[in-house]
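Participant: Provided herewith is a single structure, encoded as structure tokens, for subsequent inquiry.
Derivation of every value follows stated rules applied to the coordinates shown; laboratory data play no part. Computed from a prediction, not measured in an experiment: that's the story for all the values here. Counting neighbours? That spans all protein chains shown, and the Cβs are built from the backbone with ideal geometry, glycine included.
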Amino acid sequence: MDDLPGTPASLWAETAPPTDYPALDRDITVDVAVLGGGIAGLTTALLLARSGTSVVVLDAGRVGRGVSGYSTAKVTSLHSLTYADLVSGRGEQHARVYGEANEAGLATIARYTRELAIDCDFRRRPNFTYTEEEQKVDQVREEAEAAAGVGLPSSFVQGQIGLPWEVNGAVRFEEQAEFHPTKYLVGIAQAVRGAGGQIYEGTRAVAVDDGEQCKVRAENGREVRAGHVIVATHFPFLDRSGFFARIHAERSYVLAVRIRGQVPQGMYIDTAGHSLRSQPAPGGGELLLVGGASHKVGQADEAEHYRHLERYARERFDVESIDYRWSTQDNIPLDKVPYVGKLAPFSKRVLVATGFRKWGYANGTAAAIILADAVKGSEHPWASTFDSSRLGPPSAAASFVKENANVGRRFVQDRLKRGSASAVPPGEGAIVREGLHQAAVHRDDNGDLHALSARCTHMGCIVQWNTAERSWDCPCHGSRFATDGRVLQGPAVAPLEPRKLRGPDSEPVPE
Ligand SMILES: Cc1cc2nc3c(=O)[nH]c(=O)nc-3n(C[C@H](O)[C@H](O)[C@H](O)COP(=O)(O)OP(=O)(O)OC[C@H]3O[C@@H](n4cnc5c(N)ncnc54)[C@H](O)[C@@H]3O)c2cc1C
Ligand code: FES
């Protein structure tokens, strides 16, 4: 991993003002508890606080520095290829609502940026989904037509689209945008406080009791009593409605690159998943953000995915330097539409927003609008399109079966792996088996071994070593753990337990 390019840090998390909201240190009662201070949670909190509702936001880490602080940060209603599938899968009306909700999400971000004077590099840009594959041109043309057909600012174009190469075909959306997401969210958090809301960081919610008066329990033992609870923790850590089988977590990668020559001015994604956009560099000039190389969490050699992006960038551009690299993951729903609404069909007061499919800024803002209305007791006209309890069309049911089979396979395959603690090189990790038990063993740069239980505390799959981020990642639902066992990302809420080693190079003691 030492040969990977760039500083391993998100440009967004690194260059936004820090936040230092305190941890929750007493029990409190509010109208609404929002769990998670990303785009979905903070926007919901702001909408509610501004309407006179008493709100608290609890974040396990720092606001705006979860997934929302590690993306490519395009704010758009053009989501790769979506509308043709939505029209054929769920019908024209749902496709129309999806587009309208996302355009409204984009407009809301533009409005808050202006009204609250948030300095977040917000710029209007055209957004393109293009193809270099002749056999995909018809699909791209259909997408442009389907999007235009449901009222979106879409056209089909060919040839030059502002890249140093010509494309076979592209969908072009006008008046889309890009921004600095963490600066934006730090500004939204300030506005939540300004409107009377409370924010606590370093406060992980571990349990929620549903009822007339909901109860949220934090890891440190503190409690929040609330009329409603919004679970906006990215992957919901509570599953009362089969989310674990309806979303899967995919990881993707970003490089911030300085190039010689003109940096492309639009926003782009190709049908192979490579993403491009420009961004003002911290020291002046423009950076090119090169993203993509997705895979299911815990099911790849992660470092190789960074290398793929580096090769792609160098083949296409005259690269002067690679300044930053980062990666994160998002939840992919069965039918391309996020799940927004009740956490479970019988749950009246616990609501959720998840499954943004790597298009979370406009979608997450639209989700917040739906959730704020639900708390106030009215059903937003978009609500049924995003209904959190839907299973979806037959094609989605097939994906459901495939996802479950994948998780099932992981439960079995991962228990058959074998490794040796003494063979783990510095900076690396491996799963070591002793009888029926397994340990996640990492050797640090000083040569010391650290052993943890390899069993994910969520539902017991065996974690895998992430070769790029030096973490333990779960292939089943995407939980991630640090080398000391801390939870980096849910749905897990409990750390991996330490395991004792008999000696510096010996096998771990069985569970
Ligand atoms: C590589 C990549 C690129 C992307 N690029 C784009 C893009 O260009 N445009 C776009 O629209 N979308 C993009 N996305 C998707 C977008 O970033 C996400 O959909 C969105 O940020 C998710 O927001 P969120 O609020 O759901 O989650 P988050 O931003 O992760 O917020 C959840 C918060 O909850 C906190 N939390 C977690 N568990 C708990 C708990 N138990 N208790 C309390 N707090 C908790 C976390 O600390 C976190 O701050 C991209 C995604 C990836 C993977
Ligand atoms: S994330 Fe579900 S078992 Fe690990």
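Participant: Determine the sum of side-chain charges near Glu178: Lys and Arg each +1, Asp and Glu each -1, restricted to other residues whose C-beta is under 9 angstrom from that of Glu178. Can you show the working numbers first?
Facilitator: On the way: positive: Lys74, Arg123, Arg124, Arg125, Arg277; negative: Asp121.
Here the charged neighbours net out to +4.
Participant: FRET efficiency for Gln265 and Glu133, Cβ-Cβ distance as r, R0 = 35 Å, nearest 0.05? Don't skip to the end; give the middle numbers.
Facilitator: Numbers: r = 24 Å, r/R0 = 0.69.
Computed FRET efficiency for Gln265 and Glu133 comes out at 0.90.
Participant: Still on this structure, I have one more. Sorted from fewest to most neighbouring beta carbons within 10 Å, what does the list Glu219, Glu379 look like? Spell out each step's value before the answer.
Facilitator: Working: Glu219 18, Glu379 11.
Ranking Glu219, Glu379 by Cβ neighbours within 10 Å, fewest first, gives Glu379, Glu219.
Participant: Once the piece of chain linking Asn220 and Glu92 is laid out straight, how much longer is it, given 0.36 nm per residue of separation minus the C-alpha distance between them? Mind showing how you got there, number by number?
Facilitator: Working: separation 128, 0.36 × 128 = 46.08 nm, distance 4.76 nm.
The span from Asn220 to Glu92 would gain 41.3 nm if fully extended.
Participant: Quick one: if the Förster radius is 41 Å, what FRET efficiency do Lys500 and Ser378 give, using the C-beta to C-beta distance and rounding to 0.05?
Facilitator: Values: r = 56 Å, r/R0 = 1.36.
It comes out at approximately 0.15.
Participant: Moving on. By the gyration tensor of its Cα atoms, with a ≥ b ≥ c the square roots of the eigenvalues, what is the shape of the range 7-392: rounded for a/c under 1.5, prolate for a/b over b/c, or oblate?
Facilitator: Numbers: a/c = 1.84, a/b = 1.42, b/c = 1.29.
Since a/c reaches 1.5 and a/b is larger than b/c, the shape of the range 7-392 is classed as prolate.
Participant: Using label points projected 7 Å from each Cα along Cα→Cβ, tell me how many nm separate Glu315 and Met459, to one decimal.
Facilitator: My value for the distance between the label points is 3.7 nm.
Participant: For Arg480, Arg114, Arg307, what's the fewest-to-most ordering of other Cβ within 10 Å of each Cβ? Numbers along the way, then the final one.
Facilitator: On the way: Arg480 24, Arg114 10, Arg307 17.
Fewest-to-most Cβ neighbours within 10 Å comes out as Arg114, Arg307, Arg480.
Participant: If you don't mind, there's one more thing I want to ask. Length gain on complete extension for the stretch Gln213 to Asp445, per 0.36 nm per residue less the alpha carbon to alpha carbon distance?
Facilitator: Working: separation 232, 0.36 × 232 = 83.52 nm, distance 4.94 nm.
Working it through step by step, the gained length comes to 78.6 nm.
Participant: Determine the sum of side-chain charges near Val55: Lys and Arg each +1, Asp and Glu each -1, restricted to other residues whose C-beta is under 12 angstrom from that of Val55. It would help to have the intermediate numbers written out before the result.
Facilitator: Working: positive: Arg50, Arg193; negative: Asp31.
Taking every Cβ under 12 Å from that of Val55, the sum is +1.
Participant: Something else about it: For the chain, what does -39500 (n - 2.57) per DSSP helix run (n ≥ 4), summed and divided by total residues, give at 222 nm, in deg cm²/dmol to the nearest 500? Please list the in-between numbers first.
Facilitator: On the way: 11 runs with 135 residues, N = 511.
Using -39500 (n - 2.57) per qualifying helix, the result is -8500 deg cm²/dmol.
Participant: Now for a separate question. Straight-line reach from Lys336: which lysines have Cα under 23 Å away, leaving out those fewer than 8 places along the same chain?
Facilitator: Lys74, Lys136, Lys296, Lys358, Lys402
Participant: Working from the alpha-carbon coordinates of the range 197-238, get Rg over Rh, Rh being the Kirkwood radius.
Facilitator: Details: Rg = 10.1 Å, Rh = 10.9 Å.
That ratio is 0.93, to two decimals.
Participant: Averaging over all projection directions, find the projected area of the Cα convex hull of the range 102-151 and quote it in nm² with one decimal place. Walk me through the numbers on the way to the answer.
Facilitator: Working: hull surface 18.6 nm².
Projected over every direction and averaged, the Cα hull of the range 102-151 covers 4.6 nm².
Participant: Here's another thing I want to ask about it. Using the number of other C-beta atoms within 10 angstrom as an exposure proxy, rank Glu166, Glu92, Glu250 with the fewest first.
Facilitator: Values: Glu166 11, Glu92 14, Glu250 18.
The order, fewest Cβ neighbours first, is Glu166, Glu92, Glu250.
Participant: Using a 7 Å offset from the Cα along the Cα-to-Cβ direction at both Ala148 and Arg123, what is the distance between the two label points in nm, to one decimal?
Facilitator: 2.8
Participant: While we're on this one: By the gyration tensor of its Cα atoms, with a ≥ b ≥ c the square roots of the eigenvalues, what is the shape of the range 141-193: rounded for a/c under 1.5, prolate for a/b over b/c, or oblate? List each step's numbers first, then the result.
Facilitator: Working: a/c = 5.10, a/b = 1.98, b/c = 2.58.
Because a/c hits 1.5 or more and a/b fails to exceed b/c, the range 141-193 counts as oblate.
Participant: Would you work out which of Val157, Val67, Ser80 lies farthest towards the positive end of the dipole of the range 53-191, given +1 charges on the beta-carbon of Lys and Arg and -1 on that of Asp and Glu, about the Cα centre?
Facilitator: It is Val67.
Participant: To continue, here is another question. If you restrict to DSSP beta bridges whose two residues both lie in the chain, what percentage is antiparallel, to the nearest 5?
Facilitator: The antiparallel fraction comes to roughly 75 percent.
Participant: Right, next: Would you list which lysines come within 25 Å of Lys215, measuring only between C-alpha atoms, while excluding same-chain residues fewer than 8 positions from it?
Facilitator: Excluding near neighbours in sequence, the set is Lys342, Lys348, Lys376.
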